[in-house]
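Since the structure comes first, as structure tokens, the remarks are kept for the end.
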Amino acid sequence: MIAKSAEGRVSRAAIQRVSPLMKSGARRTLLRVFLQSTAIFALIAPQLAAQESPMAGAPTGLRCEYLSDPAGIDVAQPRLSWILEHAARGERQTAYQVLVSLKAEVSAGDQWDSGKVSSSQSVHVAYAGKPLVSSQIYYWKVRFWDSGDRPSPYSAAARFETGLFKVSEWKGKWIDGSNQIRKEFTLAARPVRARAYIAGLGYYELRINGRKVGDHALDPAWTTYDKRVLYNVYDITERLRPGANAVGVMLGEGWFKARALRMQIHVEMEGGQAVDAATDESWRTMPGPIQQDSVYNGEVYDARLETPGWDRAGFDDAHWKAATLIDGPKGELSAQMMPPIRLLDSITPVKMTTPRPGVYVYDLGQNISGVVELHVRGPRGTRVQLRHAELLYDDGTLNVENLRAAKATDVYFLRGDGTLETYQPRFTYHGFRYVELIGYPGAPKFDTLRARVVHSDVRPTGGFTSSKQILNQIQRNILWGIQDNLHSVPTDCNQRDERMGWMADAHLYAETAMLNFDMPAFYTNFLRDIHDVQAADGTVTDTVPHRYGSRPADPAWGMAYPLLTWYMYEYYGDRRTLEQHFDGVKAWTDYLRSRSRDGLLEYSYYGDWVPIDKTPGALVSTFCYYWSADIVARMAELLGKSTEAETYRKLAGEIKDAFNAKFLNAATGTYGTGTQTAQILPLFLNMTPNNRRGAVFGSLRDDLVYTHNTHLTTGILGTKYLFPLLTSTGNSDLAYELATQTTYPSWGYMVENGATTLWELWQNKTGPSMNSHNHPMFGSIGAWFYNALAGINLDPAKPGFERIVIAPQVVRDLKWASGSLDTIRGTVTSSWTRSDNGLRLEVTIPVGSQAEVHIPELGSDPATLSESGHVIWKDGQYQPGTPGIVNVRKTGETLTVDAGSGRYNFTL
Ligand code: BGC
């Protein structure tokens with residue numbers, strides 16, 4: 001798994017220290033190893049069914065539309081994926097069989113029996129059984145045949161539950177009222193199956209018979225409500241009982257900035273009867289204790305106004321008003337098919353100070369997205385106030401200047417019944433490290449409050465760690481920065497009056513997010529959000545949903561549409577996304593074309609945003625226009641649209657020529673005004689004529705190394721592409737020096753100045769201007785940690801990690817590095833450590849994938865390479881015979897090993 005043997009202990013401890021997020025991924029890896037060794041035991045188990053492979057394990061990690069056992073699937077042909085398990089190396093799937101049934105034990109495929117399908121496809125197998133019906137649980141399992149045509153055992157059964165396919169199935173109507181809405185209903189018999197379907201805008205909390213349902217927070221996801229509203233599905237069977245039942249819904253304004261509810265409950269009972277409770281004007285409503293709620297400003301909660309028992313049966317609601325029927329938002333109702341926002345870790349403060357009498361300031365030691373859980377006892381009506389900030393002034397008081405208009409203040413009025421009261425706001429979240437508590441009755445203690453971390457609950461999928469502490473700290477800041485900014489859309493920041501789905505920010509940190517978290521369902525949803533804002537003229541907007549910025553988007557912001565679509569293909573092998581968004585991506589590119597003149601695109605608002613040296617906007621926009629055309633051409637090729645492929649390939653060629661003619665000074669070998677970004681962008685996309693590449697790269701290197709003493713001057717775009725460019729041109733040492741730099745401007749400079757997340761600016765600013773201290777866009781470098789330092793790379797020719805290139809860069813003083821990633825096909829790891837005169841490299845390749853492992857010779861010529869004690873390269877020759885290894889060859893200073901699935905221990 002993670003850097004083993006000599007360094008094993010050190011690195012595992014380091015992972016836990018630098019990245020608690022790593023743990024679950026590592027645990028799963030352990031589990032898988034355990035499962036594989038169990039499969040070896042099975043070798044000698046006589047009771048094993050004779051026809052089954054003794055080595056092929058039952059598939060694991062069954063997913064439907066990227067989700068484990070999802071409830072609320074509303075696509076007609078959901079795609080199924082599984083992870084192959086096999087104890088032998090170099091194994092793969094040659095055939096599969098999927099059974100889908102209405103019965104939990106799945107003894108037969110009564111809805112779909114795929115039969116034995118000869119195919120290596122283990123991801124995105126589209127359901128092809130009887131047409132799916134609404135509100136139905138489908139159970140499924142799968143087995144596969146290995147290279148010897150021996151079947152594995154069947155997997156354990158997984159399930160998915162459908163949502164509501166037709167609008168006509170929505171019995172609930174949109175209603176409006178105060179922030180508490182209730183309804184009672186009676187069940188004549190014991191419920192055997194009950195579901196709630198709910199769309200509650202802006203945010204809702206669903207309560208049944210006195211308790212909250214589910215563990216989601218700040219649901220539903222933010223969408224362009226006139227285009228789409230998302231609903232959630234809950235199994236509420238266990239919550240109901242024969243007789244009277246009550247449902248209560250609290251509503252917050254959220255991003256909708258108003259309240260609206262549409263929901264229905266469907267209960268099937270013993271004896272076959274059914275009852276529905278659906279929103280209409282018979283539901284009753286009354287303002288509750290939440291006096292104000294706002295995403296930016298916080299919540300005001302008066303506990304004296306609580307209406308105890310309102311969410312239980314038998315409550316007297318005679319004085320409550322009838323809810324009003326409203327038209328509601330125009331958007332289509334769709335199931336929310338992505339990880340919800342949840343309250344996750346608890347953080348206890350590391351410090352408490354009293355900068356002024358009665359003013360208490362808590363330091364969490366970490367900049368987070370979340371809310372405070374406050375414990376307080378005191379007189380009725382006491383007003384306690386919590387204010388949140390990222391920064392402090394020197395005197396220890398809160399500096400909220402950079403929050404701009406966001407008040408980030410929660411207020412609680414005590415019930416005062418003598419008990420210890422607990423308050424935690426429901427319909428807001430803040431970006432903060434410091435909390436100011438005032439109005440507290442008595443002297444608060446350390447444990448008077450703790451913080452709860454709140455964000456989209458995307459599973460951590462791995463980790464990166466290394467012998468260089470500054471990199472580990474940067475990685476930690478990246479992880480916090482990204483997760484703090486996943487709030488159903490990828491946001492730019494989490495604290496000030498923005499928190500928008502700014503599109504450049506979104507695509508710049510997407511690859512880092514995909515390497516650290518389980519992102520495909522999240523981005524599938526976000527791509528639909530982008531599609532939802534696209535106008536008939538092809539334009540998309542700077543922010544999605546569109547609240548800030550312009551339509552049309554800056555070309556570098558609109559790039560999120562082609563790029564996220566393409567990343568979904570590269571990282572997850574998702575062809576359906578390509579199909580669904582081909583027209584949209586093409587329409588955006590056509591829009592850019594309509595704005596171009598002679599192959600150049602002039603319009604630009606932000607360009608290479610927040611740089612130290614500004615690059616001309618037209619250069620950046622034309623680069624984006626070229627890239628969009630190039631991606632349309634690639635998509636068209638993959639989708640078999642050869643005419644379009646040719647058209648856009650040609651268009652890209654014309655743009656490239658125009659770009660070079662306009663911006664390349666052939667005499668000096670520099671682009672534009674000579675900024676680093678101006679060189680990086682065309683070099684990265686190979687737009688530079690071959691005979692000028694060396695010169696342009698030379699200009700870039702001189703600027704980095706000599707003019708700026710090994711510092712970058714790039715904005716958000718140049719920064720992202722600089723690192724892969726340096727590595728692909730054999731300059732990883734330079735990339736490493738830039739990445740580990742600790743003086744301004746650098747990530748290390750942020751760390752040295754106390755950052756626990758990433759800043760928006762290279763500069764250390766704390767005033768009222770634009771200077772968020774939690775902006776993940778510079779987190780793009782996190783992808784380079786995996787790709788270059790750990791050496792884990794996908795191969796776009798076999799996307800979704802079907803083919804993997806392991807190419808660790810053994811740079812400068814780096815002694816070891818380790819990366820682990822749960823891909824859609826299983827776990828990939830790469831961990832290397834230098835030994836006295838060579839290198840040890842441990843690699844894991846999932847069953848069904850192939851790898852090319854690049855091992856630098858490190859000057860040891862003639863090199864001898866062995867794998868788990870077997871010599872596989874000696875005297876310049878491949879030494880065959882080691883399981884899983886197909887070939888070893890030498891290219892330049894590198895030994896390249898072709899290998900199949902399995903775990904390998906290479907020693908040079
Ligand atoms: C946001 C950015 C965004 C930019 C666009 C800022 O206010 O926070 O991250 O991309 O505006 O100019």
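The values are calculated or read from the model by the stated rules, or taken from the named source; none is laboratory data. In this text, all values refer to a predicted model and were calculated from it rather than measured experimentally. Heads up, the Cβs are rebuilt from the backbone with ideal geometry, glycines too, and the neighbour counts pull from every protein chain shown. Quick note on the areas: whole protein, heavy atoms, side chains included, nothing else; ligands and nucleic acids left out. Shrake-Rupley method; radii C 1.70, N 1.55, O 1.52, S 1.80 Å.
Over the range 419-493, the hull volume per residue, using the convex hull of the C-alpha atoms, is 164 Å³. For the range 663-743, the solvent-accessible area of protein heavy atoms averages 34 Å² per residue (probe radius 1.4 Å; ligands and nucleic acids excluded). Convex hull of alpha carbon positions in the range 101-180: directionally averaged projected area 8.2 nm². GLN676 sits among other residues whose Cβ lies under 9 Å from its own Cβ, and their net charge, with Lys and Arg +1 and Asp and Glu -1, is -2.
Binning all Cα-Cα separations of the range 174-258 at 5 Å, short to long from zero, yields these whole-percent fractions: 3, 13, 25, 23, 17, 11, 6, 2, 0. When a 1.4 Å probe is rolled over the protein heavy atoms, the share of accessible surface on the range 244-287 that falls to carbon and sulfur comes to 47 percent.
Once the 1.4 Å probe is applied to the protein heavy atoms, the range 495-540 comes out at 14 Å² accessible per residue.
Note on the range 301-378: Cα-only Rg and Dmax are 20.8, 53 Å. In this view, the solvent-accessible surface of LEU62, computed with a 1.4 Å probe and all protein chains in place, comes to about 20 Å². Plainly put, the range 631-732 has a radius of gyration that is 1.05 times its Kirkwood radius, both from alpha-carbon atoms, as the Rg/Rh ratio. With both labels modelled 7 Å from their Cα along Cα-to-Cβ, the THR647 to ARG380 distance reads 7.4 nm. Backbone amide hydrogens, once placed in the peptide plane, bring THR541 within less than 5 Å of ALA553, excluding anything fewer than 5 places away on its chain. From the Kirkwood radius over Cα pairs of the chain, Stokes-Einstein at 25 °C and 0.890 mPa s returns a whole-number translational diffusion coefficient of 83 µm²/s. On a per residue basis, the range 598-657 carries 40 Å² of accessible surface, using protein heavy atoms and a 1.4 Å probe. For the range 732-781, the convex hull spanned by the alpha carbon atoms encloses 68 Å³ per residue. For the range 681-752, the fraction of alpha-carbon pairs lying more than 20 Å apart is 25 percent, rounded to a whole number.
With N set to the number of residues, divide the alpha-carbon radius of gyration of the range 265-396 by 2.2 N^0.38 Å and report two decimals.
On the way: Rg = 21.6 Å, N = 132, 2.2 N^0.38 = 14.1 Å.
Here the answer is 1.54, to two decimals.
If you wrap the range 121-239's Cα atoms in a convex hull and average its projection over all directions, what's the area in nm²? Here the figure is 11.6 nm², rounded to one decimal.
Each residue of the range 316-332 is assigned a 3J(HN,Hα), and the resulting list reads 7, 10, 4, 8, 7, 8, 6, 5, 10, 6, 10, 5, x, x, 7, x, 5 Hz, derived from the Karplus form 6.51 cos²θ - 1.76 cosθ + 1.60 (θ = phi - 60°), x at Gly and Pro. Here the range 670-734 and the range 546-615 have alpha carbon centers that stand 22 Å from each other. Over the C-alpha atoms of the range 370-424, the Rg to Rh ratio, Rh being the Kirkwood estimate, stands at 1.07.
Karplus-based coupling profile of the range 717-728, in residue order and whole Hz: 7, x, 4, 5, 8, 4, 5, x, 5, 4, 5, 5, with θ = phi - 60° in 6.51 cos²θ - 1.76 cosθ + 1.60 and x standing for Gly or Pro.
Rounded to the nearest 10 square angstrom, GLU646 shows an accessible area of 130 square angstrom against a 1.4 Å probe. Binning the alpha carbon pair distances of the range 459-520 at 10 angstrom intervals from zero yields the distribution 22, 51, 24, 4, expressed in whole percent. Along its three principal directions, the equivalent ellipsoid of the range 839-884 from the Cα gyration tensor extends over semi-axes of 20, 13, 9 Å, largest first.
Charge tally around ARG452: other residues with Cβ under 11 Å, Lys/Arg +1 each, Asp/Glu -1 each, net 0. 3J(HN,Hα) along the range 156-169: 5, 6, 10, 8, 9, 10, 7, x, 10, 7, 10, 4, 5, 7 Hz, from the Karplus curve 6.51 cos²θ - 1.76 cosθ + 1.60 with θ = phi - 60°, whole Hz, x for Gly and Pro. When a 1.4 Å probe is rolled over the protein heavy atoms, the share of accessible surface on the range 493-602 that falls to carbon and sulfur comes to 42 percent. Considering every pair of different Cα atoms, what Kirkwood radius, in Å, is found for the range 539-613? Radius from the Kirkwood sum: 13.5 Å. Assuming charge only on the beta carbon of Lys and Arg (+1) and of Asp and Glu (-1), the dipole of the chain about its Cα centre is about 1100 debye to the nearest 20. The local environment of LEU704, defined by Cβ-Cβ distances under 15 Å, has a net charge of -4 under the rule Lys, Arg +1 and Asp, Glu -1. Convex hull volume of the C-alpha atoms in the range 560-689, normalised per residue: 106 Å³. Most simply put, the chain has about 95% antiparallel DSSP beta bridges, counting only bridges with both residues inside it. Entry for the range 443-560 at q = 0.10, 0.13, 0.16, 0.22 Å⁻¹: log10 I(q)/I(0) = -0.38, -0.59, -0.80, -1.22, Debye formula applied to identical alpha-carbon scatterers, no solvent contribution.
Return the carbon/sulfur percentage of the accessible area of the range 733-796, one whole number, probe 1.4 Å, all protein chains in place.
Values: 780 of 1600 Å².
Percent of accessible area from carbon and sulfur atoms in the range 733-796: 49.
One way to sum up the overall shape of the range 404-455 is the equivalent ellipsoid from its Cα gyration tensor, whose semi-axes run 21, 13, 12 Å, largest first.
Which distance in Å, rounded to a whole number, links the C-alpha centroids of the range 875-891 and the range 100-134? A separation of 41 Å, based on Cα centres.
Helix content alone sets the calculated 222 nm mean residue ellipticity of the chain: runs of n ≥ 4 DSSP H residues at -39500 (n - 2.57) each, divided across all residues, give -7500 deg cm²/dmol.
Expressed as a whole percent, the proportion of Cα-Cα pairs in the range 809-872 lying more than 14 Å apart is 63%. For the range 165-308, the ratio of Cα radius of gyration to the globular rule of thumb 2.2 N^0.38 Å stands at 1.05. Taking a ≥ b ≥ c as the square roots of the Cα gyration tensor eigenvalues, with a/c under 1.5 meaning rounded and otherwise prolate when a/b beats b/c, else oblate, which class fits the range 777-908? Here the range 777-908 falls in the oblate category. In this structure, the residue pairs whose Cα-Cα separation is over 31 Å, taken from LYS351/LYS815; LYS720/LYS765; LYS103/LYS183, are LYS351/LYS815; LYS103/LYS183.
Can you check how the C-alpha radius of gyration of the range 767-837 compares to 2.2 N^0.38 Å, as a plain ratio? Dividing the Cα radius of gyration by 2.2 N^0.38 Å gives 1.44.
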